[in-house]
Amino acid sequence: MKEWLLTVAALTWFTFRPVSADVLVLVHGYLGSAQSWAEAGAMDRLQRRGYRHLGNFGYSAQGVLFQPLQAGGAEKPVYTVSLPSQAPVVVQADWLAAMLHEVRKRHPEEPINLAAHSAGGVVARMTLVRHGTLGVRQLITIAAPHLGTGRAVQALEATDNSGMFGFVKSWLVRRATGDALYATAQMSRGLLFDLTPPRPGNLLFWLNQQPHPDIGYTSIMRIGTIYMPGDFVVPPPSQDLNRVPALAGRARTYSMAEGHLLTPLDGELIGNLLNETGAAR
């Protein structure tokens, strides 16, 4: 009788215990949005692997907002975030930290996997350095400018209207780029300063020297081939987390013959990486 009761108790526990979730949070890049992952086809590849997009976290004057997309739980929940992508890195990082706190409330016992594209990768690292792990088990960055990008320098120079002939320069640049693109670059100058290559006194120089949490790090790098020109926005060496002084030798790296933008293959590779991590637990 005692053995029978123990068997029933064990079966009941296995049947009704909470499902172990493999939580994934996706962070977009500059001028991106929560929809970037779906528009690129990456979300579809994740959903084919059993991941469910449960909702999106956004920001407002009242704080973090949550937009549910599916009801109920999931064994492999995915959340997207919408950040003020033209704001300086620290501003975005603080919003991301607040959103990760909300994710932890929903999954207090489960580790979080963070995947971030482009400038979102720098934002994610700043979040971890400023706020600690926040439950994050690993960070995967895709085409992220960890060592900056010359494109940021070019945009800053193009929108610098100081000096005697600043008005003339502004008119010429607007004529070449269009008013909308020029205004976008002007509004993004704080972020662009943050993404310039490391040198004493700027953000990446400071960030890349800071101790990073003891979690897993993976960088997915875009490289060129004879048939694919590669990433014209962020040089491949800048995308390598092992070149960050604080993370030298700590990161796994993968190379993809793609351009800078997200692709369906990013969803496939993220799924593979999470499977490896899950199998190692």
Problem - E268-F232 FRET efficiency (beta carbon distance; Förster radius 35 Å; 0.05 resolution) - result: 0.90
Completion exercise
Note, region 127-137: 3J(HN,Hα) by Karplus (6.51, -1.76, 1.60, θ = phi - 60°), whole Hz, Gly/Pro = x, goes 4, 5, 5, 7, 10, x, 5, 6, x, 6, 8
Handout entry: Protection proxy ranking, peptides 193-201, 259-267, average beta carbon neighbours within 10 Å, highest first
Key = 259-267, 193-201
Problem - Residues with amide H under 5 Å from that of A40, placed H, sequence gap 5 or more - result: none
Exercise for the section: Calculate, in nm to one decimal, what V153 and R49 gain on full extension: separation in residues at 0.36 nm each, minus their alpha carbon distance. Expected result: 33.5 nm
Exercise for the section: Tabulate in residue order the Karplus-calculated ³J(HN,Hα) for region 39-55, using 6.51 cos²θ - 1.76 cosθ + 1.60 with θ = phi - 60°, rounded to whole Hz; enter x for Gly and Pro. Expected result: 4, 7, x, 5, 5, 4, 5, 5, 5, 5, 8, x, 6, 10, 7, 7, x
Practice task
Amide H neighbours of N113 under 5 Å, at least 5 residues apart or on other chains, H built in the peptide plane: list them.
Solution key: V23, L24, V25, R137
Fill in the blank from the handout: Amide H neighbours of T253 at under 5 Å, excluding residues fewer than 5 places away on the same chain, with H built from the backbone geometry, are S219
Fill in the blank from the handout: Applied in sequence order to region 60-66, the curve 6.51 cos²θ - 1.76 cosθ + 1.60 (Karplus, θ = phi - 60°) yields integer Hz couplings, x standing for Gly and Pro, of 7, 5, 8, x, 6, 10, 10
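Taken together, the values in this text are just the output of simple stated rules run on the coordinates, not laboratory data. Not measured: the values here are computed from a predicted model. For neighbour counting, all protein chains shown are included, and Cβ atoms are generated from backbone atoms with ideal geometry for every residue, glycine included.
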